[in-house]
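Engineer: Below is the structure I would like to discuss, written out as structure tokens.
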Amino acid sequence: MRHKKWLWIGLAFAALYIGVTAWHQLKPLPEGIDYTGDLHMLQEDEVTFLTDLTYQDETGEVYEHEIMEEMFRVIDEAEHFLIIDMFMVNEFSDESRSFPELSREFGDRIEQKMAESPDVKAVFITDPINTTYFSHEAAHIDRLTDAGVEVIYTNLERLRDPNPIYSSFWRIGFQWFGQRGPAWLPNAFGPTAPDVTLRSYLKLANIKANHRKLVMNEEEAVITSANPHDASGFHSNIGIRVSGSVLKELVDQERAVTAFSDGNMGAFPTEAELDEWVTVRDDGPIQAQLVTEKSIRRATLKVLERAEPDDTVWIGMFYLSDRYVIEGLHEAADRGVRINAVLDPNQNAFGQEKIGLPNIPVASELTDRDDDLITVRWYDTYEEQYHTKMLYADRGEQVNIIAGSTNFTERNLNNYNLENNISLTAPSDSEIAEDVDAYYNRIWFNEDEQFTVAYDEYADAVTPYLYGLYVLQKSLRFTTY
């Protein structure tokens, strides 16, 4: 009888586990997630390409950075509303070098804006990573509540589970105990970061995030790959500054996150206020479309499918491992499309040393062809990252650009993380097309400095162990990519 009792308990738990796993893989997404926006026809002065580049010259490390200053300017110039959705805003690091105090200045700028203009409607949406999953306060975010900002921590439990083997156990048992309480474990993000509860580490192991990066006011928005995170201060990044009719949809997208995270919807501008405050022309030559989450994958694959022989597709990416994108690149190359990929060698992430996953084995797979139509170059990183997330297709008289927060991984492209990108179709002689084209040519051909190195620089790193670990992590899905 005792054996039968345990058998029934085991079967009941197995049924519960399978049911929880299936539900949190297939459950409906919150309203407004996985969004493909309307088409907006923008003027050339409504779209601008922004870059951060870090490289070495004979004097040492050089920083050509403009994105953070653009974010600060958007904050400073807000007159009616300020909406921020930002993944990482903290000073955590395990490295001994000094970093720019981006998180403190980011918080200070918002605080100063609210002191000067207390009637500005301000919303700050962020990820629980900044509290190490509710073990402590976020020093440069939580203080903004007293300044009149609606601070919202994204409710990640409403999203699907990218790590189902673990997350199903967590949902059945650990989640009910919460994360707050006396913290006693060292913080994995660095020795200067506050201590963490065990329950926060158990929550972290679900490995999902609100990974968006947006700063906007009533006049313009910056959609970017850059975080105001101190240890990210030297990274190379990209951004798109946009204005016009697309701003209204950006507000709607942030309302959607606020709604399922139980934030105050009254902190947002009303539709009538948006009609009054946002300038809409919608008669320009550049087609802009907001895409989020899995819609970013669809937009990317559509660009690859439409590429024709002699077109060139450029990719700049921190993480590249999504099977659909990899297959799309091979299929495009099979049709005669040239693929040039600038990848980060994945030697550093969140201040932690890495061993080249996923990009080193993926690059080996991409270049293992009988032709030379897919070429990989590595950004020549030192202690920073090539943190860019952008695809650019040069199609003759027209170009496609997809840029924003999103790595090309299953976690980022399959409705697990929250992500935001903008998809642009522009004449090849438009300023943004010429700027993006010049950017890729500059770093690919090392036109004035050394930005990239040949694929062979890291080719020997593709050992059977590394490739096996990559396949195992991808199969078990216990990974950040």
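Every number in this text was worked out from the coordinates using simple rules, so none of it is lab data. Bear in mind that the values here come from a model prediction, so they are computed numbers and not experimental data. All Cβ positions, even for glycine, are placed from backbone atoms using ideal geometry, and neighbour counts span all protein chains on display.
Engineer: Would you list Arg241, Arg335 from fewest to most Cβ contacts within 10 Å?
Structural biologist: Ascending number of Cβ neighbours within 10 Å: Arg335, Arg241.
Engineer: Further question: If you add up the charges near Ser103, with Lys and Arg at +1 and Asp and Glu at -1, over every other residue whose beta carbon is less than 9 angstrom from its beta carbon, what do you get?
Structural biologist: Here the count lands on -3.
Engineer: Any idea how far apart Ser475 and Thr192 come out in nm if each label point goes 7 Å out from Cα toward Cβ?
Structural biologist: Modelled inter-label distance: 4.2 nm.
Engineer: Residues of the range 55-78 with the amide nitrogen closer than 20 Å to a label point 7 Å from the Cα of Ser96, along Cα-to-Cβ, please.
Structural biologist: From the range 55-78, the list is 61.
Engineer: Contour minus end-to-end for Lys5 and Asp460, with contour as 0.36 nm per residue of separation and end-to-end as the Cα-Cα distance?
Structural biologist: Taking 0.36 nm per residue and subtracting the Cα distance, the gain is 158.3 nm.
Engineer: What ranking of Leu26, Leu185, Leu102, Leu202 emerges when the number of other C-beta atoms within 10 Å of each C-beta is taken as an exposure proxy, fewest first?
Structural biologist: Working: Leu26 8, Leu185 13, Leu102 24, Leu202 18.
With the sparsest Cβ surroundings first, the list reads Leu26, Leu185, Leu202, Leu102.
Engineer: In sequence order, what are the phi-derived ³J(HN,Hα) couplings for the range 7-21 according to the Karplus relation 6.51 cos²θ - 1.76 cosθ + 1.60 with θ = phi - 60°, rounded to whole Hz, with x for glycine and proline?
Structural biologist: 4, 5, 4, x, 5, 5, 5, 4, 5, 5, 4, 5, x, 5, 4
Engineer: Using only alpha carbon pairs under 8 Å that are at least six residues apart, calculate the relative contact order of the range 240-292 and give it in whole percent.
Structural biologist: Values: 24 pairs, mean separation 29.6, N = 53.
It comes to 56 percent, rounded to a whole number.
Engineer: Setting aside same-chain residues fewer than 8 positions from Lys203, which aspartates and glutamates have a Cα under 17 Å from its Cα?
Structural biologist: Qualifying aspartates and glutamates at Cα under 17 Å: Asp127, Glu137, Glu157, Asp161, Asp195.
Engineer: How high is the relative contact order of the range 236-392, in percent, counting Cα pairs under 8 Å that sit 6 or more residues apart?
Structural biologist: So the answer I get is 25 percent.
Engineer: What FRET efficiency comes out for the pair Ala15/Tyr324, r = Cβ-Cβ distance, R0 = 35 Å, nearest 0.05?
Structural biologist: Working: r = 32 Å, r/R0 = 0.92.
Once rounded, the FRET efficiency stands at 0.65.
Engineer: Continuing with the same structure: Residue by residue, what Karplus-based ³J(HN,Hα) values in Hz, rounded to whole numbers, does the range 321-338 have, using 6.51, -1.76 and 1.60 with θ = phi - 60° and x for Gly and Pro?
Structural biologist: 7, 5, 5, 5, 5, 4, 5, x, 5, 4, 5, 5, 5, 4, 8, x, 7, 7
Engineer: Simple spin-label model, 7 Å along Cα-to-Cβ: Glu116 to Ile165 in nm?
Structural biologist: Once both label points are built, they end up 5.3 nm from each other.
Engineer: Sticking with this one: Rank these for me by crowding, Glu150, Glu44, Glu353, going from fewest to most other beta carbons within 10 Å.
Structural biologist: Glu353, Glu44, Glu150
Engineer: Can you pull a Stokes-Einstein diffusion coefficient for the chain at 4 °C (1.567 mPa s), Rh from Kirkwood over Cα pairs, as a whole number of µm²/s?
Structural biologist: Result for D is 56 µm²/s.
Engineer: Could you give the length gained on full extension between Arg442 and Glu64, defined as 0.36 nm per residue of separation minus the Cα-Cα distance, in nm?
Structural biologist: 134.8 nm is the gain from fully extending Arg442 to Glu64.
Engineer: Excluding Ala147 itself, calculate the net charge of residues whose Cβ lies under 14 Å from the Cβ of Ala147, where each Lys or Arg counts +1 and each Asp or Glu counts -1. Intermediate values should be presented prior to the final figure.
Structural biologist: On the way: positive: Arg109, Lys113, Lys121, Arg143; negative: Asp108, Glu111, Glu116, Asp119, Asp142, Asp146, Glu150.
Around Ala147, the charge tally is -3.
Engineer: How high is the relative contact order of the range 1-136? Use alpha-carbon pairs under 8 Å, at least six apart in sequence, and give a whole percent.
Structural biologist: Values: 79 pairs, mean separation 27.1, N = 136.
In percent, rounded to a whole number, it is 20.
Engineer: Roughly what % antiparallel, to the nearest 5, for the DSSP beta bridges in the chain?
Structural biologist: Looking only at bridges with both residues in the chain, the antiparallel portion is about 70 percent.
Engineer: Using 0.36 nm per residue of separation minus the Cα-Cα distance, give me the extension gain between Glu431 and Glu449 in nm, one decimal.
Structural biologist: 4.2 nm
Engineer: So what's the net charge close to Gln473: Lys and Arg +1, Asp and Glu -1, counting the other residues with Cβ under 13 Å from its Cβ?
Structural biologist: +3
Engineer: While we're on this one: Between Thr270 and Gln25, what is the spin-label point distance in nm, taking each point 7 Å from the Cα along the Cα→C-beta axis?
Structural biologist: 4.6 nm
Engineer: Report, in listed order, any pair from Lys121/Lys294; Lys213/Lys389; Lys208/Lys354; Lys113/Lys294 with a Cα-Cα distance greater than 23 Å.
Structural biologist: Flagged as over cut-off: Lys121/Lys294; Lys113/Lys294.
Engineer: Report the Cα centroid-to-centroid distance between the range 118-139 and the range 2-62 in angstrom, as an integer.
Structural biologist: Distance between centres, Cα-based: 20 Å.
Engineer: To continue, here is another question. Could you derive backbone 3J(HN,Hα) for the range 148-155 from the dihedral phi with the Karplus parameters 6.51, -1.76 and 1.60 (θ = phi - 60°), listing whole Hz in sequence and x where the residue is Gly or Pro?
Structural biologist: Once rounded to whole Hz, the list reads x, 8, 7, 9, 10, 8, 4, 7.
Engineer: In addition: May I ask for the percentage of alpha-carbon pairs in the range 387-440 that lie more than 17 Å from each other? List each step's numbers first, then the result.
Structural biologist: On the way: 563 of 1431 pairs.
Above the 17 Å cut-off, the range 387-440 has 39 percent of its Cα pairs.
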